[in-house]
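Data first, discussion second: the structure below is written as structure tokens.
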Amino acid sequence: MPRLKSKHKARLACRFTTGAIRVEPDRRHVTLPRLGAIRTHESTRKLHRRIGNGTARILSATVRFARGRWFVSFQVEIQRATDRTPARPDVVAGVDLGVKCLAVVADSQGAVGFVPNPGHYDSALKHLKRLSRRVSRRQGPDRRTGQRPSRRWAVANAER
């Protein structure tokens, strides 16, 4: 039995692999085929500089719609310098991943270093709590009575 997919739930996304995919010299615009020049929120200075040096090449650009905004992401091939040598070639390091701290690094000369846990989870949880409280204050859907959600509920629910 085939699993039919809804046309209405498909993610709005498009990938460009050929055509004029380039970063403009003003570092604030990206040119894509069929769409033309699009302003970016972030600066594309590093990418433009690497392309100018010849150390990077754009393979494809993906445009997608998420959380009420359009995003463009690039797949880039980067040439890295191959003449990198380790600072201390005679030292061996061991890494232990932990719970309290992200990692403990110990080397063969007896030095021990701690890498603290980043607070991504805590800050994301705090943000999610705030957004969930906002959703709970809106008029949501009710399956028993068949009540449809308000538009403000749908917008708030899409944010979290």
Among all residue pairs at least 6 apart or on different chains, which show Cβ distances below 6 Å where the first residue, located in the stretch 62-75, is without any contact (Cβ under 8 Å) to a residue 24 or more places away in the chain and hydrophobic (A, V, I, L, M, F, W, C) and the second is in a strand (DSSP E or B) and surrounded by 13 or more Cβ atoms within 10 Å (Cβ to Cβ)? F71/R64
Number of the exception - R45 against (1) within 30 Å of R151 (Cα to Cα); (2) out of contact with any helix residue (DSSP H, G or I) (no Cβ under 8 Å at 6 or more places or on another chain); (3) modelled with pLDDT of 90 or more: (1)
Which residues, taken from the stretch 91-111, are at pLDDT below 90 and loosely packed, with under 10 Cβ neighbours inside 10 Å? V99, K100, G110
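Residue check: is R69 within 20 Å of the chain's Cα centre (by Cα) and within 30 Å of R34 (Cα to Cα)?
It is true that R69 is within 20 Å of the chain's Cα centre (by Cα) and within 30 Å of R34 (Cα to Cα).
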Being outside the structural domain of R64 (by TED's automatic domain parsing) and not basic (K, R): is that true of S6 here? yes
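Looking at this structure, is N117 closer than 20 Å to R67 by Cα, without any contact (Cβ under 8 Å) to a residue 40 or more places away in the chain and polar (S, T, N, Q)?
Spelling it out, it is not the case that N117 is closer than 20 Å to R67 by Cα, without any contact (Cβ under 8 Å) to a residue 40 or more places away in the chain and polar (S, T, N, Q).
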Would you check if R133 is out of contact with any helix residue (DSSP H, G or I) (no Cβ under 6 Å at 6 or more places or on another chain), surrounded by fewer than 12 Cβ atoms within 10 Å (Cβ to Cβ), within 30 Å of S150 (Cβ to Cβ) and touching a residue at least 60 places away in the same chain (Cβ under 8 Å)? no
Scan the stretch 62-115 for residues that are among the aliphatic types (A, V, I, L, M), within 30 Å of R151 (Cα to Cα) and touching a Leu at 6+ places or on another chain (Cβ under 8 Å) and report the count. 2
Which members of the stretch 1-18 meet the condition of being part of a strand (DSSP E or B) and of a type in the set (D, E, K, R)? R15
Within the stretch 19-60, take every residue that is assigned to a loop (DSSP other than H, G, I, E, B) and at positive phi and give me the one that is surrounded by the most Cβ atoms within 10 Å (Cβ to Cβ). R27
State all residues of the stretch 137-151 that are assigned to a loop (DSSP other than H, G, I, E, B) and more than 35 Å from the chain's Cα centre (by Cα); if no residue qualifies, say none. R144, T145, G146
Tally time: how many residues in the stretch 80-111 are under 30 Å from L47 (Cα atoms) and in contact with a strand residue (DSSP E or B) (Cβ under 7 Å, 6 or more places away or on another chain)? 0
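The values are calculated or read from the model by the stated rules, or taken from the named source; none is laboratory data. Just so it is clear, the structure is predicted and the values come from calculations on it, not from any experiment. Cβ coordinates were reconstructed from backbone atoms using ideal geometry, including for glycine residues, and neighbour counts include every protein chain displayed.
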